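Student: Structure below; questions to follow.
The values are calculated or read from the model by the stated rules, or taken from the named source; none is laboratory data. No experiment lies behind these values; they were computed from the predicted model shown. Reconstructed Cβ throughout: ideal geometry from the backbone, glycine too, with neighbour counts over all protein chains shown.
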Amino acid sequence: MSILVQFVRRIDKEVQFEMKYMLMFIDGGEGMSQTPEGQAVYARITEWFDKLGQSGKFKSGEELQPVRSATTIRFNGGRPIVTDGPFVESKETVGGFAVIEAADLDEAIEIAKAWPGGGLVEVRPCVDHSPAM
Amino acid sequence: MRLLGDFDLAEELVQDAIVEALEHWPRDGLPERPGAWLMSTARRKAIDRARRHTRLREKLTLLVASEPPPAAGYEPEDRLRLIFTCCHPSLARDAQVALTLRAVAGLTTAQIAHAFLVPEATVAKRIVRAKRKIVEAHIPYRVPAPDRLRERLEEVLAVLYLMFNEGYLSSGPELPERRDLARDAEWLASLLVRLVPDEPEPLGLLALMRLHLARAAARFDSGGELVLLEDQDRTLWDGPGIAAAGRLIARAATFRRPGPYQLQAAIVAVHSESRTWQETDWPQIAVLYELLLEQLDTPVVRLNRAIALRWVLGPSAALAELDSLAQELSGYHLLHATRAVMLRALGREEEAANADSLALELTANPAERSLIARRLAAEA
């Protein structure tokens, strides 16, 4: 067996180090609906966050105001230009986000799959800026 | 956060901390709480080590994934990890295929490019991107947990079947130098069967591939033209190979967990075990398609079922089923080619010719083009 493979196996056994992932919750840009169904979904989302908090994997997160409240600053050629609206006009917009800690992409995907808010969730790993190497 | 999985390592770290204490304390004086000092030093060392190891692991995963397999082979467990990493659902399908062929089957980038008729640079780019994502997104190098194994296995099977079809369906006499991807896929499937012996679907896929390969010799005539199943010289089929594949299906059936690959293999087995086209057990095939539809309700499966329906219920019933798929499969040449067959059986020659012309426009495969062209010529 290759020495490389032996190494990987040993290290895998010894160490599991957490990674940060950002989950972006994408919706129709209208914010949460006030209907009873919307409120029920909202309650499940709260529960999801509570559970994540209790597991110690939650780092931070926010629900965003509807996309109509967005302002974009562009730096085309240097001078900042302020405009109304999101950075890209789309039916799908970021409605909120959570930064979580997970051992690897599989764990992050499991957490994202349990998201009760519908729409879609984009999972992005965060760059690790910790100094040790 | 689980930093350390084993006690020996923890002990080693505490020892490291004591060594550090022996250096520092005589020089800097005794800390206020020596015990706490030791623990926090050991913990810091653990974190350092964990970080170093995580990065080291990422690099090693990459190295393992980019090296062709050693001649002596990996340990089974490592091969299986590698397969699941290469076929991770977060990688694009073409990247999964390229990475699996490279890292598990040991093909060179040039061989993969040649097999898929794409530039070598394209394959190289796919592999580089996939490897970068494995590192950046921290795709784990391990076999999925038991509760996720079947779901992830489906992904692996889909990659292998796509590989096989690419090799098998697009193989033609005009490209004899093209690498036999179908054989590579079959080898990978047999590997998977050995690695995951408690799952029936890999057995089903392997049987399916072997049944196709066992009949490959009859697919082209001496002039290099594609021969339909109906017209194939069945004496050219590999009887013992077909029987062996049948035993794989029987073995899979003992698990009592039918799945799409087992059912597709069973359908092909019914065809393969029939001595002549006329003796084909169509009712059994139709039943197997019904079961398959329960597991895998796709327009293509419905199309294939319609072909069987022709021999059970007649061409009008088959045509009605095909027409219900017209919208979803309007860009699929086999829908039009199959419609042509049914229309011709019903004596609607002109419509049949139109359907064949559509099919001809929609396929690039030379063997299939030639077959449809011959059919159209026979009409004229």
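Student: Does B:Leu162 satisfy the condition of being under 25 Å from B:Ala115 (Cβ atoms), surrounded by 15 or more Cβ atoms within 10 Å (Cβ to Cβ) and in contact with a Ser or Thr (Cβ under 6 Å, 6 or more places away or on another chain)?
Tutor: Spelling it out, it is not the case that B:Leu162 is under 25 Å from B:Ala115 (Cβ atoms), surrounded by 15 or more Cβ atoms within 10 Å (Cβ to Cβ) and in contact with a Ser or Thr (Cβ under 6 Å, 6 or more places away or on another chain).
Student: Return the residues of region B:312-350 that are part of a helix (DSSP H, G or I), of a type in the set (A, V, I, L, M, F, W, C) and surrounded by fewer than 17 Cβ atoms within 10 Å (Cβ to Cβ); say none if nothing qualifies.
Tutor: Of the residues in region B:312-350, the ones part of a helix (DSSP H, G or I) are B:312-313, B:315-324, B:333-345, B:349-350.
Keeping just the survivors that are of a type in the set (A, V, I, L, M, F, W, C) gives B:312-313, B:317-320, B:322, B:334-335, B:337, B:340-343, B:345.
Hits for region B:312-350 are B:Val312, B:Leu313, B:Ala317, B:Ala320, B:Leu334, B:Ala345.
Student: Which residue pairs have Cβ atoms closer than 6 Å, lie 6 or more positions apart in sequence or on different chains, and pair a first residue in region A:13-30 that is of a type in the set (D, E, K, R) with a second residue that is at pLDDT below 80?
Tutor: A:Lys13/B:Gly5; A:Glu14/B:Gly5; A:Glu14/B:Leu9; A:Glu18/B:Met1
Student: For region B:182-205, check the following and say yes or no: at least one residue is closer than 23 Å to B:Ile307 by Cα and surrounded by 18 or more Cβ atoms within 10 Å (Cβ to Cβ). Full working, then the answer.
Tutor: Residues of region B:182-205 closer than 23 Å to B:Ile307 by Cα: B:204-205.
Restricting the remaining residues to those that are surrounded by 18 or more Cβ atoms within 10 Å (Cβ to Cβ) gives B:204-205.
Yes, region B:182-205 contains at least one residue that is closer than 23 Å to B:Ile307 by Cα and surrounded by 18 or more Cβ atoms within 10 Å (Cβ to Cβ).
Student: Okay, next question. Write out, first by first residue and then by second, each pair whose Cβ atoms fall under 6 Å of each other, whose residues are 6+ apart or on separate chains, and whose first residue, in region A:103-132, is under 24 Å from A:Val41 (Cβ atoms) while the second is among the basic types (Lys, Arg).
Tutor: A:Pro116/A:Arg44
Student: Any idea which of A:Ile73, A:Ile11, A:Ile3 is at pLDDT 90 or above, out of contact with any Ser or Thr (no Cβ under 6 Å at 6 or more places or on another chain) and among the β-branched types (Val, Ile, Thr)?
Tutor: Details: A:Ile11 fails: at pLDDT 90 or above; A:Ile3 fails: at pLDDT 90 or above.
Answer to the check: A:Ile73.
Student: Sticking with this one: Go through the residues of region B:227-238 one by one and say whether even a single one is outside any loop (DSSP other than H, G, I, E, B) and buried (at least 18 other Cβ atoms within 10 Å of the Cβ). Spell out the reasoning first.
Tutor: Step one: filter region B:227-238 for residues outside any loop (DSSP other than H, G, I, E, B), giving B:229-231, B:234-236.
Filter once more, keeping what is buried (at least 18 other Cβ atoms within 10 Å of the Cβ): none.
Scanning region B:227-238, I find no residue that is outside any loop (DSSP other than H, G, I, E, B) and buried (at least 18 other Cβ atoms within 10 Å of the Cβ), so the answer is no.
Student: Being touching a residue at least 24 places away in the same chain (Cβ under 8 Å) and part of a loop (DSSP other than H, G, I, E, B) is the filter here, so list the residues in region A:33-74 that pass it.
Tutor: Answer for region A:33-74, where residues must be touching a residue at least 24 places away in the same chain (Cβ under 8 Å) and part of a loop (DSSP other than H, G, I, E, B): A:Gly56, A:Lys57, A:Leu64, A:Gln65, A:Pro66.
Student: Step by step: first the residues of region B:251-276, then only those that are among the polar types (S, T, N, Q) and under 19 Å from the mean Cα position of the chain (by Cα), then the one that is surrounded by the most Cβ atoms within 10 Å (Cβ to Cβ). Which residue is that?
Tutor: Ranking the candidates gives B:Gln262 first.
Student: Under the condition of being in contact with a Leu (Cβ under 8 Å, 6 or more places away or on another chain) and within 13 Å of another protein chain (Cβ to nearest Cβ), which residue from region A:94-113 is nearest to A:Val127 (Cα to Cα)?
Tutor: A:Ile100
Student: Moving to a separate point now. Name the residues in region B:132-159 that are buried (at least 19 other Cβ atoms within 10 Å of the Cβ), more than 15 Å from B:Arg81 (Cα to Cα) and either in contact with a His (Cβ under 6 Å, 6 or more places away or on another chain) or within 14 Å of chain A (Cβ to nearest Cβ) (or both), would you?
Tutor: Within region B:132-159, just B:Ala137 meets the criteria.
Student: Here's another thing I want to ask about it. Exactly one of (1) buried (at least 16 other Cβ atoms within 10 Å of the Cβ); (2) at pLDDT 95 or above is unmet by A:Glu47. Its number?
Tutor: All conditions are met except number (1).
Student: From the list B:Glu321, B:Glu279, exactly one residue is within 22 Å of B:Ala244 (Cβ to Cβ), among the charged types (D, E, K, R) and more than 26 Å from the chain's Cα centre (by Cα). Which is it? Walk me through how you get there before you give the answer.
Tutor: Details: B:Glu321 fails: within 22 Å of B:Ala244 (Cβ to Cβ).
After ruling out the rest, the residue left standing is B:Glu279.
Student: Within region B:88-129, how many residues turn out to be under 26 Å from A:His129 (Cβ atoms), aliphatic (A, V, I, L, M) and within 13 Å of another protein chain (Cβ to nearest Cβ)?
Tutor: Pass one, region B:88-129, residues under 26 Å from A:His129 (Cβ atoms): B:88, B:90-91, B:128-129.
When the remaining residues are screened for being aliphatic (A, V, I, L, M), the result is B:91, B:128.
If we keep only those that are within 13 Å of another protein chain (Cβ to nearest Cβ) as well, we get B:91.
Final tally of qualifying residues: 1.
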